[in-house]
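The values are calculated or read from the model by the stated rules, or taken from the named source; none is laboratory data. Being a predicted model, the structure only gives us computed values, none of them experimental. Quick reminder, even Gly has a Cβ in these numbers, built from the backbone with ideal geometry, and neighbours come from all protein chains shown. Each accessible area value is taken on the protein alone, full model and side chains, heavy atoms only, with ligands, DNA and RNA left out. Shrake-Rupley method; radii C 1.70, N 1.55, O 1.52, S 1.80 Å.
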Amino acid sequence: MAATDHRKIIRLADPAALAKAAAERVLARIAENSGRIAICLTGGSSPKQLYQLLATDPCRSRIPWDRVHWFIGDERFVPAGDPLNNMGMARAIFLDQCAPAANIHPIPTATADPTDPDRGAALYEHDLQSFHGADVLDPDRPLFDLVLMGVGPDGHTASLFPDDPALEETERWVVGVPKAHVEPFVPRVTLTLRALAACREMLFEVAGAEKRAILTRVFAGEDLPANRARSIGETIWLVDHAALPENFRG
Ligand code: 6PG
């Protein structure tokens with residue numbers, strides 16, 4: 001699989017249509033792989049409708065739950081049961097009722113020092129490498145079938161914030177981010193651009209008028225984390241009408 005700068009933008013009417021389109025893409029990627037499947041989820045509010053759809057028929061019965069493994073692209077460094085915990089949100093909405101416990105791979109946040117997200121990052125990197133069976137990323141054998149992403153008001157994606165050193169990391173797969181640049185202001189753990197890119201498909205979900213300003217900047221090519229996040233396979237942005245910049249309408 002060759003590296004590509006190509007980005008495809010798909011326009012949807014509203015958040016409900018967007019979630020449906022996202023679910024179809026998840027199901028399509030799952031259907032393509034007859035072996036073990038790895039999906040990297042995202043936090044925030046944007047994926048919630050998608051997660052609800054995955055837990056409900058017709059999607060639910062189309063997923064071979066025993067073959068699908070669920071990871072998370074970034075985590076707020078709070079205990080698993082905290083309402084801010086990203087994997088906790090995904091578990092509550094769909095994973096706990098659908099997926100075998102052994103197929104759910106949360107970022108560990110209950111480490112000895114709760115102020116040291118680097119420890120959680122090192123443990124998760126180790127988990128990912130054991131799952132992958134290698135500590136090198138081979139473009140011909142992507143780590144993930146699909147990586148879900150969102151974009152924040154400052155152009156961050158996962159927990160990769162503008163001008164943060166985590167953005168420049170080229171060796172590690174997972175790093176700690178001691179200070180978040182936007183709410184919630186808790187330390188984070190994030191996969192790096194390099195690890196996130198190691199997928200067949202990276203799928204952004206962006207909806208709502210409050211996203212239009214940042215999307216205008218992203219699509220204008222500004223140097224923002226969300227613009228630097230690209231898959232070695234396909235990079236697809238699902239955008240609803242309210243979020244679409246003026247010059248992309250019509
Ligand atoms: C997080 C994220 C983050 C999120 C964006 C968009 O932990 O907050 O994973 O990158 O995807 O901030 O968030 P919303 O979907 O809430 O707008």
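Along its first, second and third principal axes, ordered by size, the range 147-223 spans 34, 32, 19 Å in Cα coordinates.
Relative to the Cα centre, the charge distribution of the range 1-156, modelled as +1 at Lys and Arg Cβ and -1 at Asp and Glu Cβ, gives a dipole magnitude of about 740 debye. Using the rule -39500 (n - 2.57) for each DSSP H run of four or more residues, divided by the residues of the chain, the 222 nm mean residue ellipticity is -7500 deg cm²/dmol. The residue list SER231, ALA31, LEU95 was ranked by how far each Cα lies along the charge dipole of the chain toward its positive end, using unit charges on Cβ atoms, and ALA31 comes out on top. Working ranking of peptides 66-72, 76-82 by packing, defined as the average number of other Cβ atoms within 10 Å per residue, highest first, is 66-72, 76-82. Rolling a 1.4 Å probe over the protein heavy atoms of the chain, with every protein chain left in place, gives an accessible area that is 53 percent carbon and sulfur. If the chain linking THR115 and ARG62 were pulled fully straight, counting 0.36 nm for each residue of separation and taking away their Cα-Cα distance, it would gain 15.0 nm. Protection proxy ranking for 138-148, 188-198, 7-17, using the average of other Cβ atoms within 10 Å per residue and placing the highest first: 188-198, 138-148, 7-17.
Calculated accessible area for the range 75-155 comes out at 43 Å² per residue, all protein chains present (probe 1.4 Å; ligands, DNA, RNA ignored).
Would you mind classifying the range 18-155 by shape? Square roots of the alpha carbon gyration tensor eigenvalues, ordered a ≥ b ≥ c; an a/c under 1.5 is rounded, otherwise it is prolate if a/b is larger than b/c and oblate if not. Oblate shape, in that a/c is at least 1.5 and b/c is the bigger or equal ratio. Within the chain, DSSP assigns beta bridges of which about 25% are antiparallel (rounded to the nearest 5).
The Rg/Rh ratio of the chain, with both radii computed over alpha carbons and Rh defined as the Kirkwood radius, is 0.93. Within the range 161-250, DSSP assigns beta bridges of which about 40% are antiparallel (rounded to the nearest 5).
TRP173 sits among other residues whose Cβ lies under 12 Å from its own Cβ, and their net charge, with Lys and Arg +1 and Asp and Glu -1, is -3. The packing ranking, built from the mean of other Cβ atoms within 10 Å per residue, places the peptides 154-165, 125-136 in the order 154-165, 125-136, highest first. Ordering PRO139, HIS105, GLY152 by Cα displacement along the dipole of the range 68-155 toward the positive end leaves HIS105 in first place; charges were set at the Cβ atoms of Lys, Arg (+1) and Asp, Glu (-1).
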